[in-house]
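Notes follow the structure.
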Amino acid sequence: MDISWTKQLSVGNRVIDSAHKELLGMVNRMGYLVKVKDCSAIAEEFKLLEERLRAYFAVEESIAQAVNFHFASHKLAHQSMLDQFQRTRGDLAAMNGMWSDDDGEKRCCILRDRLVKHFKEESARLKLVLDTHLYDLQPG
Ligand SMILES: [Fe+2]
């Protein structure tokens, strides 16, 4: 089931929120591709998703620096999120389309939930700091 970005998921910065929206949209699209078992599109989408994740990590880190936020533990959360995406990509590639609807859906739900957990829980401390700055604050 798709999850839409809502204001409740905001971390208090426009650049980061739009990256989060984009990532959620990509994971929703992945859910569709896994459902229809389009393996080459899945591989492409994971490649793109990984690029967007890395770009988002870099932008967020530079915004965190601009607001003097200690980024080390948040950075670890990014690494663990990337590991999880890469594991799922590897698992799905190894199965080459031979997954059940339930299994495919479950794996995509885990990725969606991982993103939402990152936005809501793992970004909570960053949000507290960002809320004291302009929503339009740009990376340095
Ligand atoms: Fe983050």
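All of the numbers you see were taken from the coordinates with simple rules; none came from a lab. Being a predicted model, the structure only gives us computed values, none of them experimental. Quick reminder, even Gly has a Cβ in these numbers, built from the backbone with ideal geometry, and neighbours come from all protein chains shown.
Data overview
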quantity: Pairwise centroid distance, computed over Cα atoms, of the range 57-119 with the range 1-44, Å; calculated: 11
quantity: Gained length - Ile110 relative to Asp131, 0.36 nm times residue gap less alpha-carbon distance; calculated: 4.7 nm
quantity: Taking the chain and dividing mean pair separation by its residue count, relative contact order in percent (alpha carbons under 8 Å, at least six apart); calculated: 46
quantity: Qualifying aspartates and glutamates (Cα of each under 17 Å from Cα of Lys21; at least 8 residues distant if same chain); calculated: Asp2, Glu45, Glu50, Glu51, Glu60, Asp113, Glu121, Glu122, Asp136
quantity: Size of the range 13-130 as Cα extents on the principal axes (Å, biggest first); calculated: 47, 21, 21
quantity: 222 nm mean residue ellipticity, helices alone, for the chain (DSSP H n ≥ 4; -39,500 (n - 2.57); rounded to 500); calculated: -24500 deg cm²/dmol
quantity: Dipole magnitude of the range 17-140, debye to nearest 20 (Cβ charges: Lys/Arg +1, Asp/Glu -1, about Cα centre); calculated: 120
quantity: Paramagnetic reach from Met95 (point 7 Å along Cα→Cβ, amide N under 13 Å) across the range 111-127; calculated: 111
quantity: J(HN,Hα) series, the range 35-50, from Karplus relation 6.51 cos²θ - 1.76 cosθ + 1.60, nearest Hz, glycine and proline x; calculated: 4, 8, 6, 8, 4, 6, 5, 4, 4, 4, 5, 5, 4, 5, 4, 5
quantity: Derived scalar couplings ³J(HN,Hα) [the range 13-23; Karplus, 6.51 cos²θ - 1.76 cosθ + 1.60; whole Hz; x for Gly, Pro]; calculated: 8, 5, 5, 5, 4, 5, 5, 4, 4, 4, 4
quantity: Extension gain from Glu51 to Ala66, taking 0.36 nm per residue of separation minus the Cα-Cα distance; calculated: 3.1 nm
quantity: Per-peptide average of other Cβ atoms within 10 Å, ordering 5-18, 87-100 highest first; calculated: 5-18, 87-100
quantity: Above-threshold pairs, the threshold being 27 Å between Cα atoms, out of Lys35/Lys75; Lys35/Lys117; Lys75/Lys120; Lys37/Lys75; Lys35/Lys127; Lys37/Lys120; calculated: Lys35/Lys75; Lys37/Lys75; Lys35/Lys127; Lys37/Lys120
